[in-house]
Amino acid sequence: MSMPTVEASIISEPQARRIVSDGCIGDNMENAGDILNNKGTMEYTPGQGQMSIAFRNMQLKKIKRADRKGQELVVEEKFCILFRAVIQADRKYESWTMSLPIVVTVHGNQECQAQATILWDNAFSDPRRIPFTVPDQANWTDLSTLLSCWYHLKTDKGLSFDHLQILAAKLFGESNNDYSANMVSRSQFHKDHLQPGKCNFTLWEWIYSVQKLTRDHLKEAWVDGHIMGFVSKKTAQEILMATPPGTFLLRYSDTELGGISIVYNEHVPGQDTMHVCNLCPFTDKDFKIRSLADRIKDLDKLWTLYPATPKNVAFGKYWSRNVDAVQQSVPGDYIPHTLSMTIPNASSTVNPANVGGTTPDHLLHPPLSASSMDFEYPDDELATYLSPGFNQSDFNDVLADFVPGP
């Protein structure tokens, strides 16, 4: 017996329904699009007693869309791949099967909503359904489990119970300890805006955007537990008001899609009070210029990552260490330069954590003592703070003039 040939074609949702209803493929059925490299011969695996085929270079060339009705979007239109095999033995047999639903997009900005369509379909549809019907509602417990698994798939770390509680409060607009009985409609999930009149995006658009930012720029810090992320501005302020000056945390912006903000506290000069500051959120375009870790390194106001980790311990391994390489690559007699971030109109308080020391946990302006600090700093660390030609011994000599002896 010769090995069967398999042909793949793309069909629409109505066509899939007709095939399932009739139990066979009609002779005059038209495809919903054109696929290149859509034919192949099956291979037999003796050890498993199975025949299989892999389509490695299949490419969609053209798609035919149906007329949409009402508020239906392009990214809600489902197709599937139909696989047909003809087996020739004592007589001719035809076998067929369908893939899970797919959504065809033509631009990257459609990816977010297309993924929402597919996630909902794969998670909540009945395996014995009529293609490709889905329930209009899902239990929050099931949806939150789905979101955590999806986030783990994209960023290597899922969402905790506290993270999911924050998402539930965003979705339902209320603070509650138990959301397990709440139901979520598809419209609430990826069509209805959160807080109408205050923000113009949905829950799904918000979580998709922070996932993408984390995946592309912050994955290591997220996996290591250095990004709190899912915390409201009010809660962040309450947390930092009860911590020593120079403490900071990282939270995803509630109003800027795909944004993350540094929130830190500082002592109010001349007063025995604390002030909490929120830096303007950073987005993908900012981190393409300079990483979050290097921006944290630039700011001397940031000492301790909440609750009590010195910033050099938390983010030191992510800092760029290419100063020497930059200087060596400068042609001719050009003077090298580097980028750094500053806060306008902000006074600078040198933090020993930036150059290898530890962050004091009770003082904003800690007294320096030559006997209590280790001045043997790596050359690549000093290069960030000292001008070219200013070496280790020079640094210690200068510092000795200002630091009192033991």
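The values are calculated or read from the model by the stated rules, or taken from the named source; none is laboratory data. Note that the structure is a prediction, hence the values are computed from the model and not measured. Reconstructed Cβ throughout: ideal geometry from the backbone, glycine too, with neighbour counts over all protein chains shown. Note: accessible area is taken over every heavy atom of the protein model, side chains too, but ligands, DNA and RNA are not part of it. Shrake-Rupley method; radii C 1.70, N 1.55, O 1.52, S 1.80 Å.
Results for (1) more than 24 Å from the chain's Cα centre (by Cα); (2) open to solvent by less than 80 Å² (accessible area, probe 1.4 Å), shown as yes or no for each residue.
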site	(1), (2)
121	no, yes
130	yes, no
133	yes, yes
151	no, yes
158	no, yes
161	no, no
164	no, yes
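Answer yes or no as to whether residue 19 is hydrophobic (A, V, I, L, M, F, W, C) and outside any helix (DSSP H, G or I).
Taking the combined requirement at face value, the residue does not satisfy it.
Condition test on residue 89, is it farther than 26 Å from residue 63 by Cα, modelled with pLDDT under 90 and hydrophobic (A, V, I, L, M, F, W, C)?
yes
Give the number of residues within the range 1-22 that are among the polar types (S, T, N, Q), at pLDDT below 90 and surrounded by 15 or more Cβ atoms within 10 Å (Cβ to Cβ). Quick ask: steps written out before the conclusion?
First, the residues of the range 1-22 that are among the polar types (S, T, N, Q): 2, 5, 9, 12, 15, 21.
Next, from what is left, pick out any that are at pLDDT below 90: 2, 5, 21.
If we keep only those that are surrounded by 15 or more Cβ atoms within 10 Å (Cβ to Cβ) too, we end up with 5.
Residues that pass the stated criteria total 1.
Only one residue in 136, 178 is modelled with pLDDT of 90 or more and over 30 Å from residue 2 (Cα atoms), so which one is that?
On the way: 178 fails: modelled with pLDDT of 90 or more.
Testing whether each residue is modelled with pLDDT of 90 or more and over 30 Å from residue 2 (Cα atoms) leaves just 136.
Look through the range 312-361, keep the residues that are exposed (fewer than 14 other Cβ atoms within 10 Å of the Cβ) and farther than 23 Å from residue 289 by Cβ, and return whichever of them is modelled with the lowest pLDDT.
350
May I ask you to list the residues in the range 76-117 that are under 22 Å from the mean Cα position of the chain (by Cα), farther than 21 Å from residue 136 by Cα and assigned to a loop (DSSP other than H, G, I, E, B)?
Passing the criteria: 105, 107.
I need the full set of residues from the range 23-38 which are under 37 Å from the mean Cα position of the chain (by Cα) and either open to solvent by 70 Å² or more (accessible area, probe 1.4 Å) or not β-branched (Val, Ile, Thr) (or both), in order please.
Residues satisfying the conditions are 31, 32, 33, 34, 36, 37, 38.
So which residues in the range 205-252 are within 20 Å of residue 149 (Cα to Cα) and polar (S, T, N, Q), if there are any at all?
Within the range 205-252, 209, 211, 214 meet the criteria.
Which residue pairs have Cβ atoms under 9 Å apart, sit 6 or more places apart or on different chains, and have a first residue in the range 318-337 that is among the hydrophobic types (A, V, I, L, M, F, W, C) and in a loop (DSSP other than H, G, I, E, B) and a second that is open to solvent by 80 Å² or more (accessible area, probe 1.4 Å) and modelled with pLDDT under 65?
From residues that are among the hydrophobic types (A, V, I, L, M, F, W, C) and in a loop (DSSP other than H, G, I, E, B), the pairs are 335/388.
For residue 192, are the conditions met, namely being open to solvent by 40 Å² or more (accessible area, probe 1.4 Å), closer than 19 Å to residue 251 by Cα and either in contact (Cβ under 8 Å) with a residue 40 or more places away in the chain or of a type outside the set (A, V, I, L, M, F, W, C) (or both)? Working first, answer last.
Working: open to solvent by 40 Å² or more (accessible area, probe 1.4 Å): yes; closer than 19 Å to residue 251 by Cα: no; either in contact (Cβ under 8 Å) with a residue 40 or more places away in the chain or of a type outside the set (A, V, I, L, M, F, W, C) (or both): yes.
So residue 192 fails the test.
Could you please tell me which pairs satisfy a Cβ distance under 6 Å, a separation of 6+ or placement on different chains, a first residue in the range 240-262 that is among the polar types (S, T, N, Q), and a second residue that is in a helix (DSSP H, G or I)?
Sorted first by the residue in the range 240-262, then by its partner, the pairs are 247/240.
Quick one: count up the residues across the range 149-188 that are part of a helix (DSSP H, G or I) and either in contact with a strand residue (DSSP E or B) (Cβ under 8 Å, 6 or more places away or on another chain) or among the β-branched types (Val, Ile, Thr) (or both).
Going through the range 149-188 one residue at a time, the tally reaches 5.
Filter the range 72-98 for residues that are among the small types (Gly, Ala, Ser) and within 19 Å of residue 22 (Cβ to Cβ); which is surrounded by the fewest Cβ atoms within 10 Å (Cβ to Cβ)?
Only one residue fits best here, namely 95.
Taking the range 238-294, which residues are among the hydroxyl-bearing types (Ser, Thr, Tyr) and farther than 24 Å from residue 203 by Cβ?
Passing the criteria: 243, 247, 264, 273, 291.
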